[in-house]
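Have a look at the structure below before the remarks.
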Amino acid sequence: MLDLARLRALHAVSVHGTVGAAATALGYTPSAVSQQIAKLERETRTTLLERRGRGVALTEEARHLAATAQELMAIVERAETELEERRGLPAGRLTIAAFASAARGLLPGVLADLALRHPALDARMSEVDPHLSIDLVAKGAVDLAIVHDWDIAPLPTPPGVEQAVIGDDLCDLVVPAGHRLAGRASVRREELKDERWITQPPGLVCHEWLIRTLREAGCEPDIAHMAEENPTLVALVAAGLGVALIPRLGRGPVPEGAVTVRLDPVPVRRLYALWRAGASRRPAIAETVRTLQGHWPEAAPEAAPETAPEAVPEAAH
């Protein structure tokens, strides 16, 4: 009989691409994941991983077995959901993927609140880019994802994945303190055509939004510096190296040497919680979504526009 824990390890490698990333997602060491897969190879008398340079690749047999593992994990998830639903209390392990500023500005309070009120619930968070975390939810690699999209760049949700709105995160233009726009109450996008920009790298949602928005306003952005973390972007602005568009969530205090200016119209990104439809009745999902929505007003500096909660899992009602 195939061991489910070993199948889960193989599935994690197939989803995350490396043994190290799979180990991080599962909360194991890389050597423990390698041992699980080695045992699975002995059980199945099949080579599952092949060495490719410094990494590994799944064999054709491993890819088929990983697909079967995903089906088995979905069956186990349904069984666990039914048991948890019958008890009526959030319990068991809940894996959460969250993008960087949500992990910094929203999740600490949410996770602490859940741990205090629901000691039987083992919620575990990993920082993941929104584009990647949607797929992780769909494939069963994580239970819940915190993602965002922008007004002109919506994120597609695959079939079988449900969502609830957490809240709207407003964004500000951050400029050096001595900048020509520093004393303005607001600035229109058309006025930014000659600026040097500091932004996130290509492929990230914030970067794509900035490029598209400025081009639609008739500006070709001059990207001077790129960094992934918003605090780094703000520090570069404070050093006088350019301007940046920074969401308020997780931004922290603006340092001396930089000021925020309202951009008109105000850019907005919307935060969502995503989960698999099969887990909608699970009390842990419902309570976590409800807690995320409850903590949002505290996490978002200066109240964002009113957003009605949507699609809260059944068990929350």
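The values are calculated or read from the model by the stated rules, or taken from the named source; none is laboratory data. Because the structure is a prediction, the values reported are computed rather than measured. Positions of Cβ are generated from backbone atoms using ideal geometry, with glycine treated the same way; all protein chains shown enter the neighbour counts. The protein model used for the area step is the full one, side chains on, heavy atoms only, and it has no ligands, DNA or RNA in it. Shrake-Rupley method; radii C 1.70, N 1.55, O 1.52, S 1.80 Å.
Filter region 287-303 down to residues that are more than 18 Å from the chain's Cα centre (by Cα) and either in a helix (DSSP H, G or I) or within 24 Å of HIS131 (Cα to Cα) (or both) and give me whichever is modelled with the lowest pLDDT. Explain how you work it out, then say what you get.
To start, the set of residues in region 287-303 that are more than 18 Å from the chain's Cα centre (by Cα) comprises 287, 294, 297-298, 301-303.
Still in the list and also either in a helix (DSSP H, G or I) or within 24 Å of HIS131 (Cα to Cα) (or both): 287, 294, 297-298.
Values: GLU287: 95, GLY294: 95, PRO297: 86, GLU298: 83.
Here the answer is GLU298.
Residues in region 202-239 that are part of a loop (DSSP other than H, G, I, E, B) and open to solvent by 50 Å² or more (accessible area, probe 1.4 Å): PRO202, GLY218, GLU220, GLU228, GLU229, ALA239. Against the list (1) farther than 23 Å from ASP143 by Cβ; (2) at pLDDT 80 or above, the condition ARG54 fails is (2). Residues in region 86-144 that are within 18 Å of VAL205 (Cα to Cα), open to solvent by less than 30 Å² (accessible area, probe 1.4 Å), modelled with pLDDT under 90 and assigned to a loop (DSSP other than H, G, I, E, B): VAL128 alone.
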